[in-house]
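Q: First the structure, which I've put down as structure tokens, then a few questions once you've had a look.
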Amino acid sequence: MSKALIVIDVQNDFCPGGALAVPGGDQIVGGINDLMADFDAVILTQDWHPAGHSSFASSHGGKDPYDMIEMPYGPQVLWPDHCVQGNDGAVFHKDLKSERADLIIRKGFNPAIDSYSAFFENDQSTATGLEGYLRNRGLSDLTMVGLATDFCVNFSAVDAAKLGFDVTVLQSLCRAIDLNGSLGAALNGMADAGVHLR
Ligand code: VGL
Ligand code: ZN
């Protein structure tokens, strides 16, 4: 059983000073770097939105960041503009050893659909291709770390568990946004899905 470290969205916009800063988002970088050598594969995800993305509040007249809207695929939080393709905010944190990555998987590039999960867009059906990559390489034991615990880590971990992967989330190497109790809900949801929370 081969082991992959999946590092979720450790990008400038999710770190202090960024457009959608997660408190303490930069504190996890050194610990993540130190873990990389323990795995057969290191995979990074990168939130990667076109300008004017439908998950941005600025794309919806009269809406503010953190308002909710109904999208064709269900409820969606509206975010500040973040991780715009090619901008500095979308770049990995400068200290993250991104050169160690075997694969960088980008998500959220479809203008009409957000993508928290590294496996499926928020319509729950459009695949990113990560599942096939992991299966082709025999990577069945997944450890997830990164940002944010309650959004992209949560959705990635739950999807991976549903797909039958063995999934562990290392909470000390994640940080949360925690919007209206979203962290507690995420921890419960991951535990229910069979994700190991360490
Ligand atoms: C994320 C909100 C919007 C995340 C990405 O990486 O958790 N959260 N886009
Ligand atoms: Zn995003």
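Q: K3: which aspartates and glutamates have alpha carbons under 15 Å from its alpha carbon, excluding same-chain residues fewer than 8 sequence positions away?
A: Output for K3: D38, D40, D102, E131, D141, D166.
Q: Taking N as the number of residues in region 6-140, what is its Cα Rg relative to 2.2 N^0.38 Å?
A: On the way: Rg = 15.4 Å, N = 135, 2.2 N^0.38 = 14.2 Å.
Rounded to two decimals, the normalised Rg is 1.09.
Q: Here is a follow-up. Run lengths n ≥ 4 of DSSP H only: what is the helix-derived mean residue ellipticity at 222 nm for the chain, with -39500 (n - 2.57) per run over all residues, to the nearest 500? Please list the in-between numbers first.
A: On the way: 4 runs with 34 residues, N = 198.
After summing the helix terms and dividing by residue count, I get -4500 deg cm²/dmol.
Q: Could I ask something else about it? By how many nm would the segment from I104 to H60 grow when fully extended, if each residue of separation counts as 0.36 nm and the alpha-carbon distance is taken off? Don't skip to the end; give the middle numbers.
A: Details: separation 44, 0.36 × 44 = 15.84 nm, distance 3.00 nm.
Between I104 and H60, full extension yields 12.8 nm more.
Q: Using the Cα atoms of region 1-51, I'd like the radius of gyration and the largest Cα-Cα distance, Dmax, both in angstrom.
A: In order Rg, Dmax, the Cα atoms of region 1-51 give 12.7, 40 Å.
Q: Extension gain N180-L197, at 0.36 nm per residue separation less the Cα-Cα distance, in nm? If you can, show how the numbers build up before the last one.
A: Working: separation 17, 0.36 × 17 = 6.12 nm, distance 2.12 nm.
Gain on extension, N180 to L197, equals 4.0 nm.
Q: Also, I was wondering about something else. Take each of the peptides 58-69, 152-163, average the number of other beta-carbon atoms within 10 Å over its residues, and list them starting from the highest. Before the final figure, lay out each step's value.
A: On the way: 58-69: 12.1, 152-163: 23.9.
So the order, starting with the most tightly packed, is 152-163, 58-69.
Every number here is computed from the coordinates shown, using simple stated rules; none is lab data. Here the structure is a predicted model, which is why all the values come from computation and not from measurement. Using ideal geometry, Cβ is built from the backbone for each residue, glycine included, and neighbour counts are taken over all protein chains shown.
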